[in-house]
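Single-structure report; data block below.
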Amino acid sequence: METTLVSTFHKWLTSNAHAPKLGGALAEEASSILAHRDFPNTRMEEWKYTRTQKLAQGDWKLTSGEINSDPEFELHQETAGTLGQTYFAQVNAALCSGSWGITIPQNEQIDEPFQWVIKTHGDQAWVQPRIVVRANANSQSKFVFHFEGKDHSFCNGVIQIEVADNARVEVDIIQDNADAHFQILEVNVEQGKNSHCNVVTHTLDGAWVRNNLHMTLNGEGSHAGLAGFYLPHAQQFVDNHTVVDHRVPHCTSNELYKGVMYDHSKAVFNGKVFVRRDAQKTEAYQSNKNIMMSDHAVIDTKPELEIYADDVRCSHGSTTGQFDEEALFYLRARGLSAEGAKQLLVSAYVKEVIDRSQNETVVNYVKKALSQRGRIIADEI
Amino acid sequence: MIEIKNLQASIGEKQILKGLNLTVKPGEVHAIMGPNGSGKSTLASVLAGREDYEVTGGEVMFNGKNLLELAPEERSREGLFLAFQYPVEIPGVSNMNFLKAAVGEMRKHRGLDPLSAKDFLALVKERSALVELDGQLAHRAVNEGFSGGEKKRNEVFQMAMLEPKLAILDETDSGLDIDALRIVAQGVNAMRSPERSFLVITHYQRLLDYIVPDVVHVLYKGQIVKTGPKELALELEEKGYDWIKETVA
């Protein structure tokens, strides 16, 4: 284990020396930093509950993967965006497999969502996509990032979104990962004055997922929405680390993550909310709820509030439990099987999160996918 | 319809039903009255399959099947319906989705094709009218934010949707004002038929003015201690349960 710490990146760099990648100034800067950074491990606070050995041991082969966008975008010639703080954001910058940029012009209101479907298939396949969005002042736009991972593969994505003054951005992330796929996704949102950004993370299946969602409120009167659900089963692992950073006064944030834990699955929720000294009149709400469907599932949940201003309204809460036995009996007494009754309760439970998405197509897609997998019963009437 | 022989049941260490015998034939309405703590709700819960109770003896045959061996959902599909004394609020689960699932299970069990969305909605409209249930309630979450009267009407509405062979009404009159009582009874009466039986569990005679029983039983200390025609309810109302206690003692 010790030997893999600093040397892991070097190993990946060497074995991908001839792989097609973008490079550029940002990539070089990232490489030089990573040469001295330890590989994330459970001794680090940010990775306390997340085992990374199998990821570090992987002999990943960088490929461009199968990435489709609608509409189509030109690829950047070199790695775009900013370096980022986290280890894997920098790994992405150093060995970027494809980088797209899009700018929504000022005052444009675009109803049709921009979509990316990012597939990572095949043993040892390693895809490192990078998408950089700038939504200019007064614009409105929607984005969908649909990840599909299979086999023993690894997708390490970065999405950077800048939401300018008075702009409105809706983001849906769909994660549909099977087998021994590893996904790390870093989403960074920077918001200006009176802007609105809502990010909903739909983890349909999460073989091994680590999400870092970091939203920074830099302009007064802005709002950040964060929502996500996870329904891991078998041995699946889903980790959501979120940060909401209130830097200026009069901003609001609302965060809701819900989990349904089956079989031997494991999940982590760590939500940090910072309210800086100047950020008076902040309203920040955070909630994480988990339902345990099995005695063998594990959830580590850790809400964290750091408040340095004195005139704020903030709350956070975390609950973990089982379904109300009385409700289950009521449903069974009306003819629903124990399984069907639980499905109906899970449907209602998860629906609260799915419905936070403002993209009707995504909402319908997600409900249909979950109902086909027998997790929920989709509304039919 | 249902034949209960020497039924004994307990919760924890406490024995509540102590050898209960009762037979209900198709089309009959039986009332079960009794003082608080006599075992009325326990009987309803044991018949519906609530797992908190342990059956320690006796047998229950329901249309030729050993009821006590069936899971709660199997009992329901076989045609047993329990109208809860305290209907459960289930936030987020729409009444319609729930009913569609319940009706679907019932029809599947009876070998019937699933109802089309159109036929289902028509049935909802027809049956909710029986209990004057506002159409909007059907679209809300199960019992969430319903008044006491609305919850009980929703129970009878569900009964009407599921068309059971035997309906057990567990103190359906509790917490109802006189208008709600009349509406609930009207719904029940509309569902009376020569094939359908009812077991009306109540503390008061009042409900039986509206749902007129064929037979009245008095339950006391876990046993049926007196059985008579509908006039027995009136006699009980007049003389009070102390009369029974003295008679039995």
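Taking the criterion of being among the hydrophobic types (A, V, I, L, M, F, W, C) and either open to solvent by 70 Å² or more (accessible area, probe 1.4 Å) or within 18 Å of A:Ser253 (Cα to Cα) (or both), the residues of the range A:294-346 that qualify are A:Leu305, A:Ile307, A:Ala309, A:Val312, A:Cys314. Residues of the range B:109-119 that are assigned to a helix (DSSP H, G or I) and either more than 8 Å from chain A (Cβ to nearest Cβ) or free of Cβ contacts under 8 Å to residues at least 12 places away in the same chain (or both): B:Ala117, B:Lys118, B:Asp119. Only residues that are under 25 Å from B:Tyr210 (Cα atoms), in contact with a Ser or Thr (Cβ under 9 Å, 6 or more places away or on another chain) and within 14 Å of chain A (Cβ to nearest Cβ) were counted across the range B:20-51, and they come to 1.
The residue that is nearest to the chain's Cα centre (by Cα), counting only those in the range B:75-93 that are more than 9 Å from chain A (Cβ to nearest Cβ) and open to solvent by 20 Å² or more (accessible area, probe 1.4 Å), is B:Gln85. Among the candidates B:Ala129, B:Ala122, the residue that is under 24 Å from B:Gly175 (Cβ atoms) and either more than 9 Å from every other protein chain (Cβ to nearest Cβ) or not small (Gly, Ala, Ser) (or both) is uniquely B:Ala129. Report whether or not B:Glu132 is assigned to a loop (DSSP other than H, G, I, E, B), open to solvent by 10 Å² or more (accessible area, probe 1.4 Å) and at positive phi. Yes, satisfied. Filtering the range A:147-154 for residues that are in contact with a strand residue (DSSP E or B) (Cβ under 8 Å, 6 or more places away or on another chain) and surrounded by fewer than 19 Cβ atoms within 10 Å (Cβ to Cβ) leaves a non-empty set.
Applying the set (1) in a loop (DSSP other than H, G, I, E, B); (2) within 14 Å of chain A (Cβ to nearest Cβ); (3) over 20 Å from the mean Cα position of the chain (by Cα); (4) over 29 Å from B:Val24 (Cβ atoms) to B:Met96 leaves exactly one unmet item: (1).
With respect to A:His152, is the statement that it is closer than 21 Å to A:Arg210 by Cβ and not in a strand (DSSP E or B) true?
Numbers: closer than 21 Å to A:Arg210 by Cβ: yes; not in a strand (DSSP E or B): yes.
Against the criterion (closer than 21 Å to A:Arg210 by Cβ and not in a strand (DSSP E or B)), A:His152 qualifies.
When the strands (runs of 3 or more DSSP E) confined to the range A:279-381 are screened for residues that are among the charged types (D, E, K, R), assigned by TED's automatic domain parsing to the domain that holds A:Thr252 and modelled with pLDDT under 95, those reaching at least 1 such residues are found at A:298-307. For A:Leu75, the conditions (1) among the aliphatic types (A, V, I, L, M); (2) open to solvent by 60 Å² or more (accessible area, probe 1.4 Å); (3) touching an Asp or Glu at 6+ places or on another chain (Cβ under 8 Å) are fulfilled apart from (3).
The combined condition, being open to solvent by less than 40 Å² (accessible area, probe 1.4 Å), charged (D, E, K, R) and either farther than 28 Å from B:Phe120 by Cβ or at the interface with chain A (Cβ under 9 Å from one of its Cβ atoms) (or both), is not fulfilled by B:Glu54.
Of the candidates B:Val29, B:Val60, B:Val46, the single residue that is over 20 Å from B:Glu195 (Cβ atoms), among the hydrophobic types (A, V, I, L, M, F, W, C) and open to solvent by less than 10 Å² (accessible area, probe 1.4 Å) is B:Val46.
For B:Met106, the conditions (1) under 20 Å from the mean Cα position of the chain (by Cα); (2) more than 10 Å from chain A (Cβ to nearest Cβ); (3) open to solvent by less than 50 Å² (accessible area, probe 1.4 Å) are fulfilled apart from (2).
The values are calculated or read from the model by the stated rules, or taken from the named source; none is laboratory data. All values derive from a computational prediction rather than experimental measurement. Don't worry about glycine lacking a Cβ; one is built from the backbone with ideal geometry, like all the others, and counts go over all protein chains shown. Surface areas here come from the heavy atoms of the whole protein model, side chains and all, with no ligands, DNA or RNA. Shrake-Rupley method; radii C 1.70, N 1.55, O 1.52, S 1.80 Å.
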